[in-house]
Amino acid sequence: MAKNNRIRVTKEFTLDMAHALDHYDGKCRHIHGHTFQLSITVIGHPEAGTDNPKSGMVMDFSILKNIIQKEIITTFDHSLVIHKDSPYKIIASEISHERIIPVPYSPTCENILLDFVNRVSPLLPEYIKLHSMKLRETPTSYAEWYANDQLQTAAVPGVMDQYSN
Ligand SMILES: [Zn+2]
């Protein structure tokens with residue numbers, strides 16, 4: 001395999017989510033929502049050969065789509081994400097609703113993205129590596145996770161093992 005034929009492929013998704021940042025000193029402490037845009041980029045070599053149905057592909061886009069759809073979109077689209085100890089948890093306890101998601105972190109764009117990375121990375125096929133994920137909260141603000149940025153801290157065990165190959 002030639003050294004210089006690694007390719008990144010990206011799939012993009014849209015999901016509507018509400019959140020509340022309990023201790024934030026601004027309007028975002030109230031429940032409010034965004035149309036988030038999630039991008040996932042994987043890196044690998046296009047499949048060699050001509051008789052393989054995945055020939056020429058780094059990763060079948062539909063496989064990537066199915067992973068994100070099943071693991072992220074199905075759970076989080078049209079949901080309210082709150083800290084498990086948020087004052088708003090009364091909503092979750094009094095109204096039984098599958099779309100209220102208590103989480104053990106402050107549900108900022110950054111922390112939700114980290115949660116997504118941790119959910120998705122163990123599900124990716126071994127033949128590709130997670131390169132990056134990006135969560136856009138507004139037209140002018142987004143958070144990004146890059147595997148390369150984690151080299152010092154190895155924040156996501158397993159991902160970096162793959163990446164260092
Ligand atoms: Zn917000």
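The values are calculated or read from the model by the stated rules, or taken from the named source; none is laboratory data. Small disclaimer: the values here were computed from a predicted structure and weren't measured. FYI the Cβ positions are ideal-geometry reconstructions off the backbone, even for glycines, and counts take in every protein chain you see. These area figures cover heavy atoms from the full protein model, side chains too; ligands, DNA and RNA do not enter into them. Shrake-Rupley method; radii C 1.70, N 1.55, O 1.52, S 1.80 Å.
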### Message
Take the residues in the range 18-32 that are under 21 Å from the mean Cα position of the chain (by Cα) and in contact (Cβ under 8 Å) with a residue 40 or more places away in the chain; name whichever of them is nearest to Ile73 (Cα to Cα).
### Response
Ala18
#### Entry: Qualifying positions in the range 115-139 - under 21 Å from Met17 (Cα atoms), more than 16 Å from the ligand (Cβ to nearest atom), in contact (Cβ under 8 Å) with a residue 40 or more places away in the chain and assigned to a helix (DSSP H, G or I)
Val117, Arg119, Val120
### Summary
Out of (1) away from the ligand (no atom under 16 Å from the Cβ); (2) within 16 Å of Thr10 (Cα to Cα); (3) open to solvent by less than 40 Å² (accessible area, probe 1.4 Å); (4) hydrophobic (A, V, I, L, M, F, W, C), the one Ile73 does not meet is (2)
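Being of a type in the set (S, T, N, Q) and within 15 Å of the ligand (Cβ to nearest atom) is the filter here; which residues of the range 80-114 pass it? If you could, list the steps in order and put the result at the bottom.
Step one: list which residues in the range 80-114 are of a type in the set (S, T, N, Q), which gives 86, 93, 96, 106, 108, 111.
Matches in the range 80-114: Ser86, Ser106, Thr108, Asn111.
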### Query
Within the range 1-56, how many residues are at pLDDT 90 or above, within 16 Å of the ligand (Cβ to nearest atom), outside any strand (DSSP E or B) and open to solvent by less than 80 Å² (accessible area, probe 1.4 Å)?
4
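Being touching a residue at least 24 places away in the same chain (Cβ under 8 Å) and within 16 Å of the ligand (Cβ to nearest atom) is the filter; apply it to the range 140-152 and report the residue that is surrounded by the fewest Cβ atoms within 10 Å (Cβ to Cβ). Full working, then the answer.
The first filter runs over the range 140-152 and keeps only residues touching a residue at least 24 places away in the same chain (Cβ under 8 Å), leaving 141-145.
Okay, now just the ones that are also within 16 Å of the ligand (Cβ to nearest atom), so 141-143.
Details: Ser141: 10, Tyr142: 17, Ala143: 16.
Looking at residues that are touching a residue at least 24 places away in the same chain (Cβ under 8 Å) and within 16 Å of the ligand (Cβ to nearest atom), I get Ser141.
Take the residues of the range 57-108 that are acidic (Asp, Glu) and part of a loop (DSSP other than H, G, I, E, B): which is farthest from Ser39 (Cα to Cα)? Show your work before the answer.
Pass one, the range 57-108, residues acidic (Asp, Glu): 60, 71, 77, 85, 94, 98.
From what is left, the residues that are part of a loop (DSSP other than H, G, I, E, B) are 60, 77, 85, 98.
Values: Asp60: 16, Asp77: 15, Asp85: 29, Glu98: 25 Å.
The residue in question is Asp85.
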